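Where a number appears in this text, it was derived from the coordinates with a stated rule and is not lab data. Everything quoted here is computed from the prediction, not taken from an experiment. Reconstructed Cβ throughout: ideal geometry from the backbone, glycine too, with neighbour counts over all protein chains shown.
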């Protein structure tokens, strides 16, 4: 089928911020309290566009979208803070086709990642086959880097500065990124677009349910990783929604658009967790390689203490991340749960998550081994001190006896009765010497 006219497409993807925000600290201080303090700071400095999800005061009406995505209230909000840009006058010409950029949204999260959303309208002045349209949009995606990367860099830096000014703990991983880059390993690009997911939106105007024939007209925009092909996740007969691999399709009747389908936000949440999982997996792999390499030489106690603290911190981050993910999924609305499950299958997210869990368990084992090693090192050091004090305790009385003997002129008496004295003292001295030699040899072994 060929198409012509104005069509909507949404570009969604993740980016790495370069730092983790201490989630446990946010929860302890009150997540919403921190969010409000951040918003207040931005507003006081006349920095517009920042908003909080589920807060109708932001003027972006995210309370409607939030309530559609979640059926319950998760422990941690779906994002820490967001930034909204209206771009009504921004357009990009590509291969003779005009892309009007309507809006850009950024969402910032705890675990070192954020997501972007670009809403665009594509003006097709000539006819395109649906598949050719998809391929053209895919080629266009790279053009967005020049638009998005400066925005991501500036706003991420602004947020980092505000977090530090508000004394909110953050942990940078930019050093790890640079180390991986030098090693030509799995490089972690900071504050730039990682990849794009394209959501194609089509409307019908027949005031009737969406049929299989309607879907067949537009199905070529999809590419599925499943043998059975894309799956419709809509519970409403006036819409069909297909979250798929790299591409998604939202097809609905213009006069009966369902309000419980928020495909954009579900894809964004999935992109965040996918990127964060990939980030944690890479950092874990690098950490294991570093720790194993250090085992080639006997570690010092101070080094062990630093490594142990690093391992425990990373282990705690992983545990809280997995709990947050599970809680988020549990609280999704019925429509959102169906879309999430399909995304999980299309993106092979569960196997990736299981790998992270396995590494988390290995990390726990590593922590325990390090703890045992540290305990053993401390025990060995304590034993050395005990042996030193034992030697001092033996030598001390001998010196005291020598001093008393000098004061009482006992040496003259001993010389006058030397045969008798030697007969008594030599066996005793022999035993003492043997004991001293024994402890000296045992001490020098360590």
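What the table shows:
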| quantity | calculated |
| --- | --- |
| Cα Rg, Dmax, the stretch 269-377, angstrom units | 17.1, 56 |
| FRET efficiency for residue 313 and residue 27, using Cβ-Cβ distance with R0 set to 22 Å, rounded to 0.05 | 0.85 |
| Separation in nanometres of the label points that stand 7 Å from Cα toward Cβ, at residue 205 and residue 425 | 12.1 nm |
| Paramagnetic label zone (point 7 Å from Cα along Cα-to-C-beta, residue 75; backbone N under 16 Å) in the stretch 102-136 | 110-111 |
| Linear extension gain, residue 157 paired with residue 228, 0.36 nm per residue minus alpha-carbon span | 21.2 nm |
| Approximate spin-label separation residue 357-residue 43, in nm, with each point projected 7 Å along Cα-to-Cβ | 4.2 nm |
| Calculated log₁₀ intensity ratio I(q)/I(0) where the Debye formula runs over C-alpha points of the stretch 2-263, q = 0.12 Å⁻¹ | -0.84 |
| Contact order relative to length of the stretch 2-263, as percent, for alpha carbon pairs under 8 angstrom and 6 or more apart | 25 percent |
| Separation between Cα centres of the stretch 17-49 and the stretch 217-292, rounded to whole Å | 28 Å |
| Ordering of 146-152, 217-223 by burial proxy (mean other Cβ atoms within 10 Å per residue, highest first) | 217-223, 146-152 |
| Computed FRET value (nearest 0.05) for residue 337 with residue 179, which takes r as the C-beta separation and R₀ as 35 Å | 0.35 |
| The stretch 221-283 - Kirkwood radius from inverse mean 1/r over Cα pairs (Å) | 13.2 Å |
| Protection proxy ranking, peptides 14-27, 196-209, average beta carbon neighbours within 10 Å, highest first | 14-27, 196-209 |
| Linear extension gain, residue 121 paired with residue 171, 0.36 nm per residue minus alpha-carbon span | 14.1 nm |
| Cα gyration tensor shape of the stretch 129-186, rounded if a/c is under 1.5, else prolate or oblate by comparing a/b with b/c | oblate |
| Highest average packing first - 109-120, 233-244, Cβ atoms within 10 Å | 109-120, 233-244 |
| FRET efficiency, residue 149 to residue 322 (Cβ-Cβ, R0 25 Å, nearest 0.05) | 0.25 |
| Extended-chain gain in nm, criterion 0.36 nm per residue less alpha-carbon gap, residue 348 and residue 256 | 29.8 nm |
